[in-house]
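Values in this text are rule-based calculations from the coordinates and carry no lab data. Model, not experiment: these values are computed from the prediction. Don't worry about glycine lacking a Cβ; one is built from the backbone with ideal geometry, like all the others, and counts go over all protein chains shown.
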Amino acid sequence: MSVLNYVLITIIVILVILLVSLYQKLNYICKILDQILDGNLNQRIRFQNHVRLLKILSIKINKVVEKFQRLYEKNKIDEESRKRMISNISHDLRTPLTSMLGYMELILEESNFNDEALNLNNRLNETQLKNNTLNDEQILKYLKIVYSKGNYLYNLMEEFFQISKLDSNDIKLEMKKINISEIIRKNIISFFNEIKKLNIDPKINITEEDIYILSDEKALNRISSNLINNSLKHASKATEIGIDLNYDENNVFINIWDNGIGIPKEEIKYIFDRLYTVEKSRKLNLKSSGLGLTIVKKLVESLGGSISVSSVPFEKTVFRVILPRNFKKVS
C-alpha cells in the first residue's frame, strides 16, 4: 500500500472522528435546548469546543437564553405586581365607599328621607342606630366622616391619574427660575400640625441663602410634599424627622429623613415600585396607596434628577434627591 493511501485513510479516520464529535456536540446542544424549552431556564451549553463556529453558536445561544430568562423573570414580577395592584385598588376603593354609603344610609333613614330605590341595606358596619333619631350634631359628625372618606377617594384617584399621565409622558413641565428654598419651607409649614400631633422633633437644615433652580414649580411641590408625607406616614417609633437642603455649582441636594423603624435591606430595591408598601416593617399611621414614591421618582427623573434611599433602623432612613440647577428638558 502506497504512502498516499495511508494518508487518505488517516484523513478519512480524522474526518470520521471529527464528524462523530460534532454529532455528539450537536446532540448535546439539542438536549440542552429541549430542557430549556421544558422550562429549565438555568441550563446553559457548557463544553470544551475547538470548532470556532460551534463555539460562537454556543455563546450566542447562551446569551439568548440569559436574555429570555431575564425577560421571563421580569414578566413574572410584573404579573404579580398587576395582581397586587388590582387587589389593592379594589380594597382601597371599596372600604371608604362602604363606609360612606353606610353613613349616608343612616342619615337618610333617621332623617325620614328613606328611598327604597337606594337599596343600601346592611352596608353600615360602624354603628346601628335604627331606633334613634339623629340630632344635628350627629348628622354633622357623620357628614364629616363621609367628606373625609370622599376626600381620600379623590386623592387616591388623583394619584392614579397622575401616574397614568407620567407613564404616557403627558406631563407638560413649565420650566422657569424657582426658589426651591421657599418651596421646601412652605411644605414644611403645611405639615407642621401633623408633625406636632405625632410628637416628632423637626430638624430643618436649609441654607440662609435662597437657592434658585431652573425647574417646574408644581413638580417640585409634589416631590417635597410626597416625601415629607411619606416620612410622617411611615416614621413608626421615630422621634425626629429632618430636611436638609444644600447645593453646589451644578446640583441641588434634598435629604428627607427620619430615625424610625426603617426599611428592611431586602425591600429597599422595591421601594419605588408602584403600589408597593413596606407594611411588615413600617406601621401605617395613615392609609397609603403605594403610588406616592413612584410618582416622586418619575417626577424627579422628568426633571433630569435622581433619587435614592438608604436605611439604618432606628438611626436614619434617608430619601436623597439630586436635581440639576439648570435643567433643560429635551422635547
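FRET efficiency for the pair L97 and D34, taken as 1/(1 + (r/R0)^6) with r the Cβ-Cβ distance and R0 = 45 Å, rounds to 0.30.
The count of lysine pairs in the range 3-75 that are at least 8 places apart or cross chains, and whose C-alpha atoms lie under 20 Å apart, stands at 10. Computed from backbone phi with θ = phi - 60° and the Karplus coefficients 6.51, -1.76 and 1.60, the 3J(HN,Hα) list for the range 201-216 is 8, x, 10, 9, 10, 10, 4, 4, 6, 5, 10, 10, 9, 8, 7, 9 Hz; x is used for glycine and proline. If the chain linking I204 and R320 were pulled fully straight, counting 0.36 nm for each residue of separation and taking away their Cα-Cα distance, it would gain 40.3 nm.
Each residue of the range 239-246 was assigned a 3J(HN,Hα) from its phi angle through the Karplus curve 6.51 cos²θ - 1.76 cosθ + 1.60 (θ = phi - 60°); the sequence is 10, 9, 10, x, 9, 10, 10, 9 Hz, with glycine and proline shown as x.
Here the extension length gained between E249 and F161 equals 28.1 nm, from 0.36 nm per residue of separation less the Cα-Cα distance.
A simple rule links phi to the HN-Hα coupling: the Karplus curve 6.51 cos²θ - 1.76 cosθ + 1.60 with θ = phi - 60°, which for the range 42-52 gives 8, 6, 9, 7, 9, 6, 6, 9, 9, 8, 4 Hz, with x for Gly and Pro. Within the same chain, aspartates and glutamates fewer than 8 places from K144 are excluded, and of the rest, those with a Cα less than 13 Å from its Cα are D136. Using the Cβ-Cβ distance between K265 and V7 with R0 = 56 Å, the FRET efficiency computed as 1/(1 + (r/R0)^6) comes to roughly 0.25.
From most to least packed by mean Cβ count within 10 Å, the peptides 197-208, 6-17 give 197-208, 6-17. Taking 0.36 nm per residue of separation and subtracting the Cα-Cα distance, full extension of the segment from L173 to K196 would add 4.9 nm. From least to most packed, judged by other beta carbons within 10 angstrom and beginning with the fewest, Y103, Y28 follow the order Y28, Y103.
Put simply, the amide H of V252, placed in the peptide plane, has neighbours under 5 Å in L323, R325, leaving out anything fewer than 5 places away on its chain.
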